[in-house]
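Step one of this worksheet: look at the structure below.
A short reminder: the numbers here are calculations on the coordinates, not readings from a lab. Everything numeric here is computed off the predicted structure, so don't read it as measured data. Cβ placement follows ideal geometry from the backbone for every residue including glycine, while neighbour counts extend to all protein chains displayed.
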Amino acid sequence: MTTVLVQCTQQKTRREQVPAKLLYEGALWESQRSYAETFENWFILSAKHRVLPPETRIDYYQRSMDDVDAELWADNVMQRLDGVIDEPVKIIAGADYADPIVPYLEAKGIEVHEPCRGMKIGERVAWLREQAKARANETLC
C-alpha cells in the first residue's frame, strides 16, 4: 500500500479545532487533498506540527519552513512516521518539505516518488486534479 505525504499550505481557515484536512485552503491544498484521499494512507507535512494524520484536530497557526531547523524537523517527522508508513512513499510537496526527509526515507530503504518535483504550482494543481479524477474513476469500475 502506498503512503502519500502532502504539504500544508499558507492559506488556512481561522476556525479553531478542526481536523487538519479542513484547516488548509486554496487550489493547491484542495488538489493535494483530493489526490491524497484516493489513497488509504496519507499524512500532512506541517512546519509547526511536523506530520499530521488528516483527522487530527488542530487550531489555526502560522509557521513556515523558514521558521524551523530543517534537520531537527525531518528527524521528528521520521520518528512520527516510524511504523505507520507503507512503501512506496509519494511526496507531494515543495523542496522545503521534501528535501529534508527524502534522505531519511531512502536511508531506511524506502522507495520514494516525487511526481510533482520541479512543477510550478499551477502545473502541480492541474496534474493533481487529473490524477485524482483518474484514480477515482479506477475505483468505480
Note, ³J(HN,Hα) from phi for region 4-19, Karplus 6.51, -1.76, 1.60, rounded to Hz, x at Gly and Pro: 10, 10, 10, 8, 5, 10, 5, 6, 9, 6, 8, 5, 9, 6, 10, x
Tail fraction, Cα-Cα pairs, region 1-106, threshold 16 Å, whole percent: 54 percent
Qualifying aspartates and glutamates (Cα of each under 15 Å from Cα of residue 133; at least 8 residues distant if same chain): 30, 37
Amide H within-cut-off set for residue 4, under 5 Å, with H built and near neighbours excluded: 41, 42, 43, 90
Candidate lysines for bridging to residue 108, where Cα separation is under 27 Å - those fewer than 8 sequence places away on the same chain excluded: 48, 90
Fraction of antiparallel bridges per DSSP, the chain only, in percent to nearest 5: 35 percent
Cα centre as origin, Lys/Arg/Asp/Glu Cβ charges: region 3-140 dipole, Debye: 540 debye
Vicinal HN-Hα couplings computed from phi for region 58-73 (Karplus, 6.51 cos²θ - 1.76 cosθ + 1.60; Hz; Gly/Pro x): 9, 8, 4, 8, 9, 7, 10, 5, 5, 8, 10, 7, 4, 5, 5, 4
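Beyond 15 Å, what share of the Cα-Cα pairs of region 46-100 remains, rounded to the nearest whole percent?
Of the Cα pairs, 52 percent sit more than 15 Å apart.
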Pairwise centroid distance, computed over Cα atoms, of region 5-53 with region 88-120, Å: 17 Å
In order through region 79-95: 3J(HN,Hα) via Karplus (6.51 cos²θ - 1.76 cosθ + 1.60), integer Hz, x for Gly, Pro: 4, 6, 8, 4, x, 10, 9, 10, 8, x, 10, 9, 10, 10, 7, x, 4
Relative contact order of the chain, pairs being alpha-carbon contacts under 8 Å that are 6 or more residues apart, as %: 30 percent
Residues in region 8-32 reached by a label modelled at residue 127 [backbone nitrogen below 13 Å; 7 Å Cα→Cβ]: 32
